[in-house]
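Shown next, in structure tokens, is the structure this report addresses.
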Amino acid sequence: MCLKTAIAKKRRMKRTAPRSTLRKIIKKHKPQLRLAANADLLVHLNFLLFLHRLAEEARTNAFENKSKIIKPEHTISAAKVILKKSRG
């Protein structure tokens, strides 16, 4: 294996929002909080899990309506359901 392919395989995917940006946004909204080292990663993970649940629920709604395409109304109704469940 040549060196270029070895380096190319080790490259990581670029983050859409850098960690520093996430930390700045959190600090802007809640400046009194003292953040742990990995708090921004937990926020990012929570967001990704929400998107995953939203996609699953929207897909279920689309199949229930006998639609092969996920339409905006499927996503909106899925978001309402997920947000109601997360409130407790």
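Give me the helices (runs of 4 or more DSSP H) completely within the chain, filtered to those with at least 1 residues that are β-branched (Val, Ile, Thr) and either at pLDDT 90 or above or at positive phi (or both), ordered by residue number. In the chain, 39-64, 72-87 are the helices (runs of 4 or more DSSP H) which contain 1 or more residues that are β-branched (Val, Ile, Thr) and either at pLDDT 90 or above or at positive phi (or both). Of all residues in the stretch 27-58, those satisfying the criterion of being polar (S, T, N, Q) and more than 30 Å from Glu73 (Cβ to Cβ) are Gln32, Asn38. Consider Arg59 carefully, then state whether it is open to solvent by 60 Å² or more (accessible area, probe 1.4 Å) and either touching a residue at least 24 places away in the same chain (Cβ under 8 Å) or touching a strand residue (DSSP E or B) at 6+ places or on another chain (Cβ under 6 Å) (or both). Criteria not met by Arg59.
Among the conditions (1) open to solvent by 60 Å² or more (accessible area, probe 1.4 Å); (2) under 17 Å from the mean Cα position of the chain (by Cα), the only one that Lys68 does not satisfy is (2). Taking each residue of the stretch 35-46 that is open to solvent by less than 50 Å² (accessible area, probe 1.4 Å) and looking for partners that are not in a helix (DSSP H, G or I) and not hydroxyl-bearing (Ser, Thr, Tyr) with beta-carbon atoms closer than 8 Å, six or more apart or interchain, yields His44/Ala17.
The values are calculated or read from the model by the stated rules, or taken from the named source; none is laboratory data. This is a predicted model, so every value here is computed, not measured. So basically every Cβ, Gly included, is an ideal-geometry build from the backbone, and we count neighbours across all protein chains shown. Protein only, heavy atoms only, side chains kept; ligands, DNA and RNA dropped before computing areas. Shrake-Rupley method; radii C 1.70, N 1.55, O 1.52, S 1.80 Å.
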